[in-house]
Amino acid sequence: MESQLRVNGGVRIPLSEITIRASRSSGPGGQHANVTASRVQASFDVRSSPSLSERQRERVMARVGPRLVAVAQDERSQARNRQLALERLAERLARALTPPRQRRATKPTGASRERRLAAKRRVAERKRARRAPPEE
């Protein structure tokens, strides 16, 4: 098994920085669920990680907080749940590391402007129709 968790092209987290805990799984499973600790929780302390640069650490902490946690209890086997929890942790970390896309300012289309003005005219006409008739 690898000794590092590959997050994306440039970021790899040593497994020694990830805390893995196993506990009993909830839900169905019969007698098997009552005796095995197949639920796995993987947690990563973002604040004290030397694997992330200062900018990466700030970006992740701003998005997900100082601690990133992933839980897996989908499978009966603890080994498979461990693998799933690590995959989910890497996925969340990769999502938190991606910089937000820059918004490009756009102008409203001519058709959308016309729809807006037509709606305003309809509302104005409806209000005008509610008024009392002018006295003569």
* How many of the residues in region 3-47 are more than 22 Å from ARG63 (Cα to Cα), in a strand (DSSP E or B) and either of a type in the set (Gly, Ala, Ser) or at pLDDT below 90 (or both)? -> 3
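Filter region 61-73 down to the residues that are on the phi < 0 side of the Ramachandran plot and either at pLDDT below 90 or in a loop (DSSP other than H, G, I, E, B) (or both) and list them by number.
Kept after step one, since they are on the phi < 0 side of the Ramachandran plot, are these residues of region 61-73: 61-64, 66-73.
If the condition is that a residue be on the phi < 0 side of the Ramachandran plot and either at pLDDT below 90 or in a loop (DSSP other than H, G, I, E, B) (or both), then PRO66, GLN73 are the ones that fit.
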* Structure fact -> The condition from (1) in a helix (DSSP H, G or I); (2) small (Gly, Ala, Ser); (3) surrounded by fewer than 14 Cβ atoms within 10 Å (Cβ to Cβ) that ALA96 misses is numbered (3)
* Any idea which of (1) assigned to a loop (DSSP other than H, G, I, E, B); (2) within 30 Å of THR36 (Cβ to Cβ) is the one LEU86 doesn't satisfy? -> (1)
* To do: Report the residue count in region 48-60 for those that are crowded, with 16+ Cβ neighbours inside 10 Å and either part of a strand (DSSP E or B) or among the charged types (D, E, K, R) (or both).
  => 2
* If you go through region 100-119 one residue at a time, do you hit one that is modelled with pLDDT under 95 and touching a Pro at 6+ places or on another chain (Cβ under 8 Å)? -> no
* ARG76: more than 24 Å from GLY9 (Cβ to Cβ) and either outside any loop (DSSP other than H, G, I, E, B) or of a type in the set (Val, Ile, Thr) (or both), yes or no? -> no
* Out of ARG113, ARG39, ARG63, ARG80, report the one residue that is surrounded by 11 or more Cβ atoms within 10 Å (Cβ to Cβ), under 19 Å from the mean Cα position of the chain (by Cα) and of a type in the set (D, E, K, R). => ARG63
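The values are calculated or read from the model by the stated rules, or taken from the named source; none is laboratory data. Remember, predicted model here, so these are calculated numbers, not experimental data. Quick reminder, even Gly has a Cβ in these numbers, built from the backbone with ideal geometry, and neighbours come from all protein chains shown.
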